[in-house]
Amino acid sequence: MPVTYTLDNGAETHREFPDTFEIPPQEDRERLRPGDLVKLIFRIEFGDEAHVERMWVQVTEVRPESYVGVLDNDPYCTDEICSGMRVEFHADHVIQIDRALA
């Protein structure tokens, strides 16, 4: 059974729960650079099971409307998604930023 994932929209969750779900300002999420680490929410599904994990992704490419990065850690729920995997995402998916040193 294949493992699939989607990314939760952190900006949408913040709008629903602004007092308890904080995210970086939009301008910070839109100005990521290669080397930055960002935390994303992965909704991982296999079979009839679904798991949600927050994981770090290192930004490798900045595109006009999106980003590309590589997963920086492994989820607990499966071995089929692992560190080094390519991940495409948008600024609205970012819930935390750890900036690379300049």
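The values are calculated or read from the model by the stated rules, or taken from the named source; none is laboratory data. What you are looking at is a predicted structure, and each value in this text was computed from that prediction instead of being measured. In this analysis, Cβ positions are derived from the backbone assuming ideal geometry, glycine residues included, and neighbour counts consider all displayed protein chains. Please note that ligands, DNA and RNA were not included when accessible areas were found on the heavy atoms of the full protein model with its side chains. Shrake-Rupley method; radii C 1.70, N 1.55, O 1.52, S 1.80 Å.
For this structure, a couple of remarks:
- Take every Cα pair under 8 Å whose residues are at least 6 apart in sequence, average their separation, divide by the length of the chain, and the relative contact order is 33 percent.
- The stretch 50-94 shape via C-alpha gyration tensor axes, a/c threshold 1.5: prolate
- Size of electric dipole in the chain: Cβ of Lys, Arg +1 and of Asp, Glu -1, about Cα centre, debye, nearest 20: 400
- Beta bridges per DSSP with both ends in the chain, % antiparallel, nearest 5: 100
- Placing dummy labels 7 Å off each Cα toward the beta-carbon, the span from S66 to N9 is 1.5 nm.
- Assigned charges on the beta-carbon of Lys, Arg, Asp, Glu; the stretch 34-80 dipole about Cα centre (debye): 280
- With every protein chain in place and a 1.4 angstrom probe, the accessible-area ranking of C77, C82, largest first, reads C82, C77.
- Paramagnetic reach from E30 (point 7 Å along Cα→Cβ, amide N under 20 Å) across the stretch 80-102: 89-99
- Rounded accessible area of T4 (nearest 10 Å², 1.4 Å probe): 70
- Across the accessible surface of the stretch 49-102, with the other protein chains kept in place and a 1.4 Å probe, carbon and sulfur atoms take up 46 percent.
- GNM top mover of F42, F17, F89 - the chain, alpha-carbon springs below 10 Å: F17
- Across every direction, the projection of the convex hull enclosing the Cα atoms of the chain has a mean area of 6.9 nm².
- Separation in nanometres of the label points that stand 7 Å from Cα toward Cβ, at E80 and F46: 0.6
- Of interest is the spacing of the C-alpha centroids, which for the stretch 1-42 and the stretch 67-102 amounts to 10 Å.
- Between the listed residues V68, I41, T20, the Cα displaced farthest toward the positive end of the dipole of the chain, a dipole computed from Cβ unit charges relative to the Cα centre, is found at V68.
- Per residue, in Å², the accessible surface of the chain once ligands and nucleic acids are set aside, probe 1.4 Å: 63
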